[in-house]
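Below is one structure, written out as structure tokens; the observations come after it.
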Amino acid sequence: MLTISFDSLAKFIYDIVIMGIELLIVDPQNDFCIPTGSMYIKNAEQDCKRIADFILRNIDGIDSIHITMDMHPYYHIAHPLFWKDANGDEPAENTLITHADFVSGKYRPADESLNRRVEEYLINLETRGRYVLTIWPPHCLLATVGACVEENLLSAARQWEQHKPGRIIDFVTKASNPMTEHYSAIQAEVPDPSDPATRINFNLIDKLKNKDIFIAGEALSHCISHTIRDLGIYIPASRITLLTDCTSNVEGFDDIGNHFLVEYKNKGMKTAISTEVTL
């Protein structure tokens, strides 16, 4: 008579329901992750080293690697060139622009034909209540070195591919639409109905469904937190483990990152130190 222990049965059921270990690395690009990057995030190069070590240490246990990448045009709603102030000058980097600023004429798009569309954007953005439009230094520009994946992390991911021929890194590009920010890997902050690339990325969601997902990358306060919040609509937070030593906040936004951690740990998201995880 065949007997099966409870632990064996539980593992069998788990293996049927959970069909792999996914590593989702958010925006590990040079402009964020090396000290000369235009939007360098303090300690991000160390985050990348720890992610690379995590990949190599768990090279057999990671079933899929997904790397998301900002791919901005220079002319973008979150870059200075898009805007002018009342004197006709570009706003300074890190300026916040509200709908009230638009109404008062403090800031307007340089291309005045976009006034109506921009006003609708600001209203929609603020209605969602996640943050105010921020003018960032131009970063992760299409076809530039700053948009490339940090070299140590990319080398480790390539070794993961080579370890078992047939594996392919899933590069997920985003943020090429100049009329909307796109922090989250799942959807733009205000989707453009005419651009499918800004809408919900069900292709990525389907790849992650019914899996255990480890998440790392930049930045916790922005693209990581927005990605996890959007994923949480479709995937239980308990399926997600954030590698907390493999992500950092944008300087000055630590409170946002810390608030997110409390919020999503309460929803069931797990956290871990990368060196303590063996897959």
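The values are calculated or read from the model by the stated rules, or taken from the named source; none is laboratory data. Quick caveat, the model's predicted, so the values are computed rather than measured. Cβ: placed from backbone, ideal geometry, glycine included. Neighbour counts: every protein chain shown. For accessibility, only protein heavy atoms count, side chains too; no ligands or nucleic acids. Shrake-Rupley method; radii C 1.70, N 1.55, O 1.52, S 1.80 Å.
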In degrees, nearest 10, range 0 to 90: what is the angle between the Cα axis of helix 44-57 and the longest Cα principal axis of the chain? 20
Take the alpha carbon atoms of segment 20-170, find their radius of gyration, then divide it by 2.2 N^0.38 Å using N residues; give the quotient. 1.31
Treat every Asp and Glu Cβ in the chain as -1 and every Lys and Arg Cβ as +1, leave all other atoms uncharged, and give the resulting dipole magnitude about the Cα centre to the nearest 20 debye. 800
Residue-normalised 222 nm signal for the chain, counting each DSSP H run of n ≥ 4 as -39,500 (n - 2.57), nearest 500 deg cm²/dmol, is -9500 deg cm²/dmol
In vacuo Debye scattering of segment 26-69, one point per C-alpha: log10 I(q)/I(0) at q = 0.30 Å⁻¹? -1.03
Hull volume in cubic angstrom per residue (convex hull over the Cα atoms of segment 232-279): 85
Considering all projection directions equally, how large on average is the shadow of the alpha-carbon convex hull of the chain, in square nanometres? 16.8
Below 9 angstrom from the Cβ of Lys84, what's the summed charge of the other residues (Lys, Arg +1; Asp, Glu -1)? -2
Whole-number percent relative contact order across the chain, with pairs defined as alpha carbons under 8 Å at least 6 apart: 25
Taking the chain as the reference, fit the longest principal axis to its C-alpha atoms, fit the long axis of helix 254-266 to the helix C-alpha atoms, and give the angle between the two in degrees, 0 to 90, nearest 10. 40
Taking only Cα atoms and a 10 Å spring cutoff, compute GNM fluctuations for the chain and point out the largest among Ile228, Ile67, Ile97. Ile97
Compute the longest continuous run of the chain that contains no exposed GluC sites (Glu not before Pro); treat a site as exposed when its DSSP state is not H, G, I, E or B and it has at most 16 other Cβ atoms within 10 Å. 94-250
In whole percents, the bins of 10 Å from zero upward hold the Cα-Cα pairs of segment 126-279 as 9, 35, 41, 14, 1
I'd like to know how segment 128-195 sits against the 2.2 N^0.38 Å rule of thumb: what's its Cα Rg over that expected value? 1.44
So if R0 is 45 Å, what FRET efficiency would Ile21 and Ile123 give, r being the distance between their Cβ atoms, rounded to the nearest 0.05? 0.65
In the full protein assembly as shown, how much of Ser194 is accessible to a 1.4 Å probe, in Å² to the nearest 10? 100
If each of Asp53 and Asn210 carries a label point 7 Å out from its Cα toward its Cβ, how far apart are those two points in nm? 3.6
When only DSSP loop residues count, what trypsin sites (Lys or Arg not before Pro) in segment 182-259 have their Cβ near at most 15 other Cβ atoms within 10 Å? Arg199, Lys209
Give the percent of DSSP beta bridges with both residues in the chain that are antiparallel, rounded to the nearest 5. 20
Say the cut-off is 27 Å between C-alpha atoms; which of Lys207/Lys265; Lys42/Lys164; Lys209/Lys270 go over it? Lys42/Lys164
Calculate the length of the line joining the C-alpha centroid of segment 129-156 to that of segment 76-114, in whole Å. 22
Evaluate the relative contact order of segment 81-209 (contact order divided by residue number), counting alpha-carbon pairs under 8 angstrom at least 6 apart; express in whole percent. 16
Among Asn210, Asn87, Asn30, determine the one that fluctuates most according to a GNM of the chain built with springs between C-alpha atoms less than 10 Å apart. Asn87
Treating cross-link reach as a plain straight distance, find the lysines whose alpha-carbon is under 19 Å from the alpha-carbon of Lys106, omitting any fewer than eight places away in the same chain. Lys84
Taking Cα atoms, the helix 6-17 axis meets the longest principal axis of the chain at an angle in degrees (rounded to 10) of 40
Pairs of Cα atoms under 8 Å, at least six residues apart: use those to get the relative contact order of segment 185-260, whole percent. 33
Please check: in the Gaussian network model of the chain (C-alpha springs, under 10 Å), which one of Gly268, Gly252, Gly146 has the largest mean-square fluctuation. Gly252
